[in-house]
Amino acid sequence: MSKIYVAGPMFSQAELAFNETLADFLESLGHQVFLPQRSGFQMTELLKTMTPDEVSRLIFSTDYENIRKNDLFLLVLDGRVPDEGACVALGLAFASNKPCCGLKTGSRSEFTTGNNPMIDGSLQKIFRSLEELRKLPL
């Protein structure tokens, strides 16, 4: 099975819980998952002992290193717009020649023009449910 880097928003209890559910589901399929919120680098905790610049550098270097180590990149697209940090991670994964996919379980942006072309152009496939993720890896 694959090593998968999962990127998405992680600023509310609902987002954190969904990310855990997603990671657990992928792991139940036999994949190894890197989920940034599990890395031990929660920004609010780090800021208690480090400067904002130190925290930013640590989070960026840890995430970039793990993007490069994984076989596949999965971007959570749910919400009004995709998380900006997750979009930067997508760009890094795409530039590192990693297969990139999206997961969009909601329909909020279906009523407008959809995703930014730079996001869609980086993704090989967009899955619409956890169940569809059984098709990973591509």
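Report relative contact order for the chain in percent, whole number only (criteria: Cα-Cα under 8 Å, sequence separation at least 6).
27 percent
Give the separation of the Cα centroids, the stretch 12-51 to the stretch 73-97, in Å.
15 Å
Could you list which residues have their amide H under 5 Å from that of Phe34, counting only those 5 or more apart in sequence or on another chain, with H placed in the peptide plane?
So Phe34 has HN proximity to Ile4, Tyr5, Val6.
So between Lys48 and Leu16, what do we pick up on full extension, going 0.36 nm a residue minus the alpha carbon distance?
Numbers: separation 32, 0.36 × 32 = 11.52 nm, distance 2.07 nm.
Residue separation times 0.36 nm, minus the Cα-Cα distance, leaves 9.4 nm.
With a 10 Å cut-off between alpha carbons and a GNM built on the chain, which of Leu35, Leu58, Leu75 moves the most?
Its mean-square fluctuation being the largest, the pick is Leu58.
Sum -39500 (n - 2.57) across every DSSP H segment of at least 4 residues in the chain, then divide by the residue count to get the 222 nm mean residue ellipticity, nearest 500.
After summing the helix terms and dividing by the residues of the chain, the value is -12000 deg cm²/dmol.
Can you give me the distance in nm between label points at Val88 and Arg57, each placed 7 Å from the Cα along the Cα-to-Cβ direction?
Using points 7 Å along Cα→Cβ, the separation is 1.5 nm.
If you line up the long axis of helix 84-95 against the longest principal axis of the chain, both from Cα atoms, how many degrees apart are they, to the nearest 10?
70 degrees
How far is helix 13-28 tilted off the main Cα axis of the chain, in degrees rounded to 10, range 0 to 90?
Helix 13-28 sits roughly 70 degrees off the main axis of the chain.
Of the residues Glu65, Glu45, Glu20, which exhibits the maximal mean-square fluctuation in a Gaussian network model of the chain defined by a 10 Å Cα contact cut-off?
Greatest mean-square fluctuation among the candidates belongs to Glu45.
Once you charge only the Cβ atoms, +1 for Lys and Arg and -1 for Asp and Glu, what is the size of the charge dipole of the chain about its Cα centre, to the nearest 20 debye? Mind showing how you got there, number by number?
On the way: 14 positive and 17 negative charges, 67 e Å.
For this selection, approximately 320 debye.
What FRET efficiency would be calculated for the residue pair Arg38, Gln124, taking the C-beta separation as r and a Förster radius of 30 Å, to the nearest 0.05?
0.75
Throughout, read-outs are computed from the coordinates displayed, never taken from laboratory work. Predicted, not measured: the structure shown is a model, and the values here were computed from it. In this analysis, Cβ positions are derived from the backbone assuming ideal geometry, glycine residues included, and neighbour counts consider all displayed protein chains.
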